[in-house]
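See below for the structure under consideration.
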Amino acid sequence: MIAALILAAAISPFPLSPSTRYDPRIPTLKQVAGHGVGEEITTPDQIAAYATALAAAAPDRARLLTYAQSEEGRPLHLLVLGSSERMARLGEVQAGLRALADPRGLAPAEADRLVRELPAVVWLLHGVHGNEVSSPDAALALAYHLLAAQDDPSVDLVRREAIVLIDPLENPDGRARFLASNRLGRAASPDPEPAAAEHDEPWPGGRSNHYLFDMNRDWFAQTQPETRGRLRVFLDWYPHVTVDLHEMGGDSTYFFAPPAKPLNPYLQPSQQAWHDVFGRAIAAQFDARGVAYFAKEVFDSFYPGYGETWPMMQGSVGMTFEQASARGLVWRREDGTLLTYLDGIRSHFAAALTTVEAAARGRAKLLGDFLEFRRSAVRAGEQGPVREYVLVAGADTARTRRLADLLVAQGIEVRRAEGELRSGGRVFPAGSLVVSLAQPSGRLVRNLLDPKVPMDEAFVKEQERRRKKRLPDEIYDVTAWSLPLVFGVECVSLGVPATGATRPYAAAAAAEGGLAPAKVAWLLPWGTGTAAVVAEALQAGLKVRVAEAAFTLGGRRYPPGTAIVRPAENPEGVRQTLGRIAARHDAPAFAIDSGYVEDGISLGSERVHALKAPRVLLAWDRPTSSTSAGWARWVLERRYGQPVTAVRVPSLCRVDLRRYDVLVLPSGEYGDAIGEEAVKRLRDWVREGGTLVALGEASRWLTREKVSLLATHTELRDGRPEPDPSAHDEKKDAAEKPPAKDAKPEPFDLDKALQPEKERPDAVPGALLRVDLDPEQWLAAGAGDTLYAIVESQRVFTPLKLDQGANVGLYAKKDQVVASGLVWDDVRDLLAQKAFVMSQPVGKGHVVAFAEDPNYRGYAEATELLFMNAVLLGPAY
Ligand SMILES: [Zn+2]
């Protein structure tokens, strides 16, 4: 029997289902890529070629669409598989799917007809993390199986009842990077040793995309072109089931739904019931094959930026599958057994095939549940205590617009106020945006716009208990992400809809690039729009100045940080150039014909500083955190159009720092990675006028005695200064208090006796903390007097002393500091009124230090502005 199986496997061109007969007209992977399933890790180019070949071989049942292009220029594909009858009228089918997604105005008879006739749409996404290699090969195998299998009842059922959307490769750039290191490190025959070079990826690894983003956190933020493309796919199809297929550590087994706690509170019981249906079906398959697995542990479904959770907030049944990774072709597990690449493909193939079969079998119920999800979302919005949100138009119009664009791009309806809006006693200015909760995407709206998304209380209590015992918490990702808070846009919730004229907001085309002529200057109050304008204007060679303090001119108050562009010191055509740039970034520019101020500083004041196009260096590679380095690079290059030179840390000593104005140190454990000589050069460079910007863990490094570029320190759990590993220990030990001589011995207190000394505070698991800013500091230009920062660390910085520098942003007092998310009480008390961002003058230059990463996941708009202020304005002060 076994011999027969082995024989069948050997002669079958398709080892995943040896007994199935396949249509020879459909090409195998071997025919196109040159290797059979599991024999080699298929490259991004081969994946594209094979998907193309499959679609070409069955044009009546398969279609290949290109939905995006990666940063490195690789196409992202969607393979659409369906019956020839449906594929022949695909446009009509899609229109039906979209109609089902919007039950408002859908007549009951029409809804019934759609549920009766439409296919179940199952969207399978593969390899968002580029070094999780097996699922894209499983995707190709599944596509082949669904197209080529003959006389297979389960495949026939899928063809009849479903449309399967296969995204074979979500992250081609990351996969290419993994493959390059894997191939380079590979032994003559693949080495199962986990520490072997072929498995051990160099910085930054293949998980992330070109800008080193984790795209499985990017679904609502949409910072990356790959993610933006995927949201368009979702809105084109409104799939009823969405599966994101991953890999995890090689010693693990297989994970599938239901997800672990905590669950997003907007997940519906019907979706959880489907998790159970799919989970049981896959379990039965795996049990029959003797494959070990787990569910309901580790991988949670709380954060709405996952490939699993975002679709669920729109009504899809989202699931994550995780296969133990061979991280190459073969991996030796700790128990000595070998895990092969083919093993991984086999399990993913089985889980995905079982899922599409179960979806096909449950088609009508799946569609009915989806429709009811969308209907009940509208109802909840019509009846709940909050009926709509108003995003209040502020001075920084670019921020509000960016937020609105972000919402609209994920299928959320937004309306724009034509004139003033009124509600209760409050008046909102024209241009404010209204987001009603009575819409099919209402649950996504609540997730993104509510200040807090509540976490199950019992779960939180359990984490407290674990924490006291020093067990790790079970929180998989961040606990807060509210977009109005991280953008710094005021969001007001209304129980009664506001009155006033509105019309649908459409991602507005750039306004006409016309600026009024100005005799003296154009003035641009600082903000996210103006920062982007200034970055681009400086690159374009325009002369820009910036006012350090406020002034009033022509009856208008200009806040500190207002940018000044004078025609007299700029080339001819400045009006057109600036007009074009300002329109592109939605920045207001006021033309003035007289420089004689009514109040405050003058345009020719000594407190008006000339900006220069900053020459920026970014520390890159080990030991920087790849995400921090990637976020910083993306914010500079893509968000703000600021060129930057990335230099590997060991090469920093080779760079002539004098040719640069700004050096950004991303978060990272620098330790001794920057040697003594390089540190000295760094200090000299800052003294000569350089701007050093340190993020997160890099700021801690600056406080080390041997670096001495930041005159503060981080604190321990009890508020004492954390010992400096670079300093001499005797000194610190001496500083510790000796016990009082005559103290009475206290009764033994076990709890107290167990408390460790010199322990860092527990990390904040990704919460939003309120930061009070000092608006008189240039670094805070355009940021108002409060912002909300994403905190995800155990760093507590004692504020700088007045004679050392400025605490530009301090965490608020303890009763106000937590804006959203989970922060342990003792950590909250410790963080209150400690430093979030500091600016310390050093000679002619300065150090700007952030306690946390201001560029978090690219969506922390408010803190990103402070980072850009450091880069753009730092060299001028
Ligand atoms: Zn993954």
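Any chance you could list P(r) for segment 762-824, counting all Cα-Cα pairs in 10 angstrom bins from zero, rounded to whole %?
22, 49, 27, 2
In debye, nearest 20: dipole of segment 93-209 around its Cα centre with unit charges on the Cβ of K, R (+) and D, E (-)?
Numbers: 11 positive and 18 negative charges, 76 e Å.
Around 360 debye, computed over segment 93-209.
Mind checking which lysines have their Cα closer than 25 Å to the Cα of Lys543? Skip sequence neighbours fewer than 8 apart in that chain.
Lys519, Lys612, Lys844
Which residues' amide hydrogens lie under 5 Å from the amide hydrogen of His77, considering only partners 5 or more residues apart or on another chain, with H built in the peptide plane?
Those lying under 5 Å, H to H, from His77 are Tyr67, Leu169.
Run the accessible area of segment 458-572 with a 1.4 Å probe and give the carbon-and-sulfur part as a rounded percent. Walk me through the intermediate numbers first.
Values: 2780 of 5140 Å².
In segment 458-572, the share of accessible area belonging to carbon and sulfur is 54 percent.
Past the 21 Å Cα-Cα mark, which pairs from Lys469/Lys752; Lys680/Lys801; Lys365/Lys452; Lys296/Lys468? Display every interim value, and only then the final one.
Details: Lys469/Lys752 13 Å; Lys680/Lys801 24 Å; Lys365/Lys452 32 Å; Lys296/Lys468 24 Å.
The pairs that break the limit, which is 21 Å between Cα atoms, are Lys680/Lys801; Lys365/Lys452; Lys296/Lys468.
Along the positive direction of the dipole of segment 273-409 (beta-carbon charges: Lys, Arg +1; Asp, Glu -1; about the Cα centre), which of Val356, Gly318, Leu329 reaches farthest?
Val356
Based on Cα positions only, what radius of gyration and what Dmax would you give for segment 743-877, in angstroms?
In order Rg, Dmax, the Cα atoms of segment 743-877 give 17.4, 61 Å.
Calculated from DSSP H runs of 4 or more alone, at -39500 (n - 2.57) each and per residue, what is the 222 nm mean residue ellipticity of the chain, nearest 500? It would help to have the intermediate numbers written out before the result.
Values: 27 runs with 294 residues, N = 877.
Taking each H run of at least 4 residues, the total per residue is -10000 deg cm²/dmol.
Which residues' amide hydrogens lie under 5 Å from the amide hydrogen of Ala162, considering only partners 5 or more residues apart or on another chain, with H built in the peptide plane?
Sorted by chain and number, the residues that satisfy this are Ala120.
Please name whichever of Pro775, Leu618, Pro202 sits farthest to the positive end of the charge dipole of the chain, dipole taken about the Cα centre and charges placed at Cβ: Lys and Arg +1, Asp and Glu -1.
About the Cα centre, the residue reaching furthest to the positive side is Pro775.
Measure nothing fancy, just the Cα-based angle from helix 90-101's long axis to the longest principal axis of the chain, in degrees from 0 to 90, nearest 10.
So the inclination is approximately 60 degrees.
Which of rounded, prolate, oblate describes segment 45-127, given a ≥ b ≥ c as roots of the alpha-carbon gyration tensor eigenvalues and a/c under 1.5 marking rounded, otherwise prolate only if a/b is larger than b/c? Could the numbers behind the result be given before it?
Values: a/c = 3.29, a/b = 1.88, b/c = 1.75.
Taking the square roots of the gyration eigenvalues as a ≥ b ≥ c, segment 45-127 is prolate.
Can you tell me the equivalent ellipsoid semi-axes for the chain? Use √(5λ) from the Cα gyration tensor, largest first, whole Å.
Values: eigenvalues 446, 243, 156 Å².
The three semi-axes for the chain are 47, 35, 28 Å.
Among the aspartates and glutamates, which have Cα under 14 Å from the Cα of Lys758 when same-chain residues fewer than 8 positions away are ignored?
The qualifying aspartates and glutamates are Glu715, Asp718, Glu722, Asp724, Asp729, Asp733, Glu736.
Would you mind working out the accessible area per residue for segment 242-312, using a 1.4 Å probe, and quoting it in Å²?
Working: 2360 Å² over 71 residues.
Accessible area per residue, segment 242-312: 33 Å².
Restricting everything to alpha-carbon atoms, can you work out Rg to Rh for segment 265-325 with a Kirkwood hydrodynamic radius?
Working: Rg = 12.5 Å, Rh = 12.6 Å.
Across segment 265-325, the Cα-based Rg/Rh ratio is 0.99.
Enter the accessible area per residue of segment 110-223 (Å², integer; probe 1.4 Å; all protein chains in place).
Values: 3090 Å² over 114 residues.
So segment 110-223 comes to 27 Å² accessible per residue, rounded to a whole number.
Taking the Cα centre of the chain as the origin, how large is its charge dipole in debye, to the nearest 20, when only Lys and Arg (+1) and Asp and Glu (-1) carry charge on their Cβ atoms? List each step's numbers first, then the result.
Working: 102 positive and 113 negative charges, 326 e Å.
I would put it at about 1560 debye.
Tell me, what % of the accessible area of segment 821-864 is carbon and sulfur with a 1.4 angstrom probe?
Values: 430 of 990 Å².
Carbon and sulfur: 44 percent of the exposed surface of segment 821-864.
Calculate the all-directions average of the projected area of segment 462-568's alpha-carbon convex hull, and give it in nm². Each step should come with its number before you reach the end.
Details: hull surface 57.6 nm².
For the Cα atoms of segment 462-568, the hull's average projected area reads 14.4 nm².
Quick one: putting +1 on the C-beta of Lys and Arg, -1 on the C-beta of Asp and Glu, what dipole do you get for segment 464-539 around its Cα centre, in Debye to the nearest 20? Could you put the intermediate results ahead of the total?
Values: 8 positive and 7 negative charges, 105 e Å.
Charge dipole, segment 464-539, about its Cα centre: 500 debye, nearest 20.
How many percent of all Cα-Cα pairs in segment 515-639 sit more than 21 Å apart? Walk me through the numbers before you get to the answer.
Numbers: 3289 of 7750 pairs.
Taking all Cα-Cα pairs of segment 515-639, the fraction more than 21 Å apart is 42 percent.
Quick one: Karplus J couplings for segment 111-128, per residue in order, coefficients 6.51, -1.76, 1.60, θ = phi - 60°, nearest Hz, x for Gly and Pro?
With coefficients 6.51, -1.76 and 1.60, one gets 4, 4, 4, 4, 5, 6, 9, 6, x, 6, 9, 10, 10, 10, 10, 10, x, 5 Hz.
With bins 10 Å wide starting at 0, give me the P(r) of segment 368-479 over every alpha carbon pair, in whole percents.
Binned Cα distances yield the sequence 12, 32, 28, 18, 9, 1.
Over the alpha-carbon set of segment 422-498, work out the extent along each principal axis and list the three values in angstrom, largest first.
Over segment 422-498, Cα extents along the principal axes are 53, 26, 21 Å.
Output the relative contact order of the chain, whole-number percent, from Cα pairs under 8 angstrom with separation of 6+ residues.
For the chain, the relative contact order is 10 percent.
Using only Cα atoms and rounding to the nearest 10 degrees, what angle (0 to 90) does helix 269-289 make with the longest principal axis of the chain?
Approximately 50 degrees, to the nearest ten.
Tell me, what is a quarter of the convex hull surface for the C-alpha atoms of segment 57-208, in nm² with one decimal? Walk me through the numbers before you get to the answer.
Values: hull surface 50.2 nm².
Taking a quarter of the hull surface, the average projection is 12.6 nm².
Using a ≥ b ≥ c from the Cα gyration tensor of segment 823-877 (square roots of the eigenvalues), is it rounded, prolate or oblate, where a/c under 1.5 gives rounded and otherwise the larger of a/b and b/c decides, a/b for prolate? Walk me through the numbers on the way to the answer.
Numbers: a/c = 3.89, a/b = 1.52, b/c = 2.55.
In terms of gyration-tensor shape, oblate.
What list of ³J(HN,Hα) values in whole Hz, one per residue of segment 239-245 in order, does the Karplus curve 6.51 cos²θ - 1.76 cosθ + 1.60 (θ = phi - 60°) give from phi, with Gly and Pro shown as x?
Each residue's phi maps through the Karplus curve to give x, 8, 9, 10, 10, 10, 9 Hz.
With a 1.4 Å probe and all protein chains left in place, how much of the accessible area of segment 190-259 comes from carbon and sulfur atoms, in whole percent? Intermediate results must be reported in sequence, preceding the final value.
Details: 860 of 1680 Å².
Reported share for carbon and sulfur atoms: 51 percent.
Any idea which of Leu702, Gly368, Pro153 is furthest toward the positive side of the dipole for the chain, if Lys and Arg beta-carbons carry +1 and Asp and Glu beta-carbons -1?
Checked the options; the winner is Gly368.
Taking H as built 1.01 Å from N, whose amide H comes closer than 5 Å to the amide H of Val664, not counting residues under 5 places away?
Leu617, Leu618, Ala619, Val693
Please turn the phi angles of segment 358-368 into ³J(HN,Hα) values with the Karplus equation 6.51 cos²θ - 1.76 cosθ + 1.60 (θ = phi - 60°), one per residue in order, whole Hz, x for glycine and proline.
Taking θ as phi minus 60°, the curve returns 5, 5, 5, 5, x, 3, 5, 5, 4, 5, x Hz for segment 358-368.
Once the Cα atoms of helix 574-584 and of the chain are each reduced to a long axis, what angle between those two axes, in degrees from 0 to 90 to the nearest 10, is obtained?
For helix 574-584, the angle is close to 50 degrees.
Cα centroids of segment 400-442 and segment 798-815: how far apart, whole angstrom?
Their Cα centres are 36 Å away from one another.
Would you mind working out the accessible area per residue for segment 715-874, using a 1.4 Å probe, and quoting it in Å²? Display every interim value, and only then the final one.
Values: 7480 Å² over 160 residues.
With the other protein chains kept in place, segment 715-874 gives 47 Å² per residue.
Expressed in nm², what is the orientationally averaged projection area of the convex hull enclosing the Cα positions of segment 1-141?
Numbers: hull surface 47.4 nm².
Dividing the Cα hull surface by four gives the mean projection, 11.9 nm².
The values are calculated or read from the model by the stated rules, or taken from the named source; none is laboratory data. Keep in mind that what you see is a predicted model, and the values were worked out from it rather than measured. When we count neighbours, we look across all protein chains shown, and the Cβ atoms used for this are built from the backbone with ideal geometry, even at glycine. For accessibility, only protein heavy atoms count, side chains too; no ligands or nucleic acids. Shrake-Rupley method; radii C 1.70, N 1.55, O 1.52, S 1.80 Å.
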